[in-house]
1. Roughly how many percent of the accessible protein surface of the range 99-158 is carbon and sulfur, given a 1.4 Å probe and a whole-percent answer?
2. So which GluC sites (Glu not before Pro) in the range 158-210 are both in a DSSP loop and have at most 11 other Cβ atoms within 10 Å of their Cβ?
3. Using R₀ = 35 Å, calculate the FRET efficiency as 1/(1 + (r/R₀)^6) where r is the Cβ-Cβ separation of T161 and S181; round to 0.05.
4. In the chain, which helices (entire DSSP H runs) extend 24 Å or more along their own long axis, judged by Cα positions, while averaging at least 1.0 on the Kyte-Doolittle scale?
5. Return the loop-located trypsin sites (Lys or Arg not before Pro) in the range 106-172 (DSSP other than H, G, I, E, B) with at most 16 other Cβ atoms within 10 Å of their own Cβ; answer none if there are none.
6. Counting other Cβ atoms within 10 Å, keep those with at most 15, restrict to DSSP loop, and tell me which chymotrypsin sites (Phe, Trp or Tyr not before Pro) in the range 164-227 are left.
7. Would you mind getting me the FRET efficiency between F153 and V67? Use the beta-carbon distance for r and R0 = 22 Å, nearest 0.05.
8. Tell me, what is the per residue accessible area of the range 103-199 in Å², probe radius 1.4 Å?
Amino acid sequence: MAEIRRFSKSQIAIHVLGAFSILVLYITGLPITFPDQIGWIPALLGGYSITMLIHRIAAVGFIVAGVYLVVYHGLYDIFVGRSYFTDVWIKIKDIKDAINDAKHILRLSVDKPPRYGKYSWIAKAEFWSFFSEAAIFLVTGSILWFSWQSMAFMPPQYLLTARYIHAGFAVVSVCGIAFHSYMVHFNPENFRIDRCIFTGSMPEEEVKEKYPRWYEELQRGDNSGAE
Ligand code: HEM
């Protein structure tokens, strides 16, 4: 069966680095917030300071993945043409699709379900919600990491605020990760795993069915050079 390229090597690499860093950030960060429940993890890793060192190393991985995504795809968008960002911007059509999907799920409409482009409104909402959370982790995490330097230009109580925001978003964003895992792996359509983010390609029939508008673009050759 013919396969269609959906993700580039750089997108696959960014996803692997980002996903792995985030996993380590949860495993090393959450025990600090919930020491009575999962304090055994730092004990297993060799203690609090090792755990927090690993957290900082994973934070660097997380930042590298984010900067690479923004710089590479941002510059590609400006100087070469169609990049990931071109396809992931939220458009009016996505809002209409979201409303139609909601009406469809609630059986309030007899119209056909929305016909998606390369990324559905759900995938775009996931991307931008996590993108904004990542920015919050970066700012609050940097304040915690460089706490002495931060106190040079902010009152000490802001450190505590940064810690609570950092920990709070760690808990909230677990829901986002759980939703993402369901959407790509555990929902019946993809169960047990959607290999596309690892192989980069998807069977033609599946593209036709899930992303009909993107499939038409490919047929018209509108997707050439997309990164
Ligand atoms: C997915 C992203 C991340 C998650 C889920 C996460 C989670 C956490 C959690 C739960 C804590 C413990 C907070 C507490 O209750 O005290 C923590 C602490 C910390 N995080 Fe993160 N974090 C993330 C990203 C980052 C980033 C990007 C940085 C650096 C820029 C960072 C730097 C720190 C530092 C310095 C601490 C305090 C460690 C200490 O007490 O010495 N984190 N993180």
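The values are calculated or read from the model by the stated rules, or taken from the named source; none is laboratory data. Everything quoted here is computed from the prediction, not taken from an experiment. Heads up, the Cβs are rebuilt from the backbone with ideal geometry, glycines too, and the neighbour counts pull from every protein chain shown. Note: accessible area is taken over every heavy atom of the protein model, side chains too, but ligands, DNA and RNA are not part of it. Shrake-Rupley method; radii C 1.70, N 1.55, O 1.52, S 1.80 Å.
1. About 70 percent, which is the carbon plus sulfur part of the accessible surface.
2. Those that pass, being in a loop and sparsely packed, are E189.
3. 0.70
4. 9-33, 48-68, 121-145
5. When the trypsin sites (Lys or Arg not before Pro) of the range 106-172 are filtered for loop state and at most 16 Cβ neighbours within 10 Å, R107, R115 remain.
6. Here the sparse-neighbourhood loop sites are F191.
7. Between F153 and V67 the formula returns 0.40.
8. 67 Å²
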